[in-house]
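Inspection log for the structure reproduced underneath, given as structure tokens.
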Amino acid sequence: GEPHGFVLALRKWCELQPSREFRCFRGAGGRLLAACQRDRFSHFPELGARRSRDLGLLEAFGRELPSAPARVVWDAYVDRNDKVHLVDLAPFHESTDPLLFEWEELVTLDDAAASPPQLRLVAEGHIAPSASIYNGWPQELQQLGQQDLESLIQTAQKAAKSA
């Protein structure tokens, strides 16, 4: 076969406010199913008051998303003038991190008949490890649910006692 070529993709660097970054999920019909804030570790109080406005902006932008497949995940930035900017595109697939959603939820929303889109935000008082700690965990631990993680810890503790 032919050797694989390499591609270098460069992006303009901008200082983005994490509270204005969103991940959006577009379903088979090309409609916005759901969106969430990109920073899954921080609560931003100002987002609650802007929820309806931001969701409307993202929904309108998603309808005009150029040349993207009907089912796609896209990251957006809403600037201080309420202009939406496309940051990234990803496949509507389990290989893409659903952040504040579960893939099962998103597939159910995609199958549902025209349910209104939802914007999920990190709740006040939500405690989560920092992004640097989370990204340092082995992928297997990241994918475990809370009960599975507790079960794994209990198993390790039993093994340590019997050793």
- Task: Taking a cut-off of 15 Å between Cα atoms, list the aspartates and glutamates near Lys12, but don't count ones fewer than 8 places away on the same chain.
- Result: Asp88
- With every protein chain kept in place and a 1.4 Å probe, segment 56-126 has an accessible area per residue in Å² of 59
- Measure off, as a whole percent, the carbon and sulfur share of the 1.4 Å-probe accessible area of segment 11-129, all protein chains present. 52
- Under a 5 Å amide H to amide H cut-off, with H placed in plane at 1.01 Å, what residues pair with Ala34 once short-range neighbours are removed? Phe25, Gln118
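The values are calculated or read from the model by the stated rules, or taken from the named source; none is laboratory data. Given the structure is predicted, the values throughout are model-derived calculations rather than measurements. Just the protein is used for accessible areas: all its heavy atoms, side chains included, with ligands, DNA and RNA removed. Shrake-Rupley method; radii C 1.70, N 1.55, O 1.52, S 1.80 Å.
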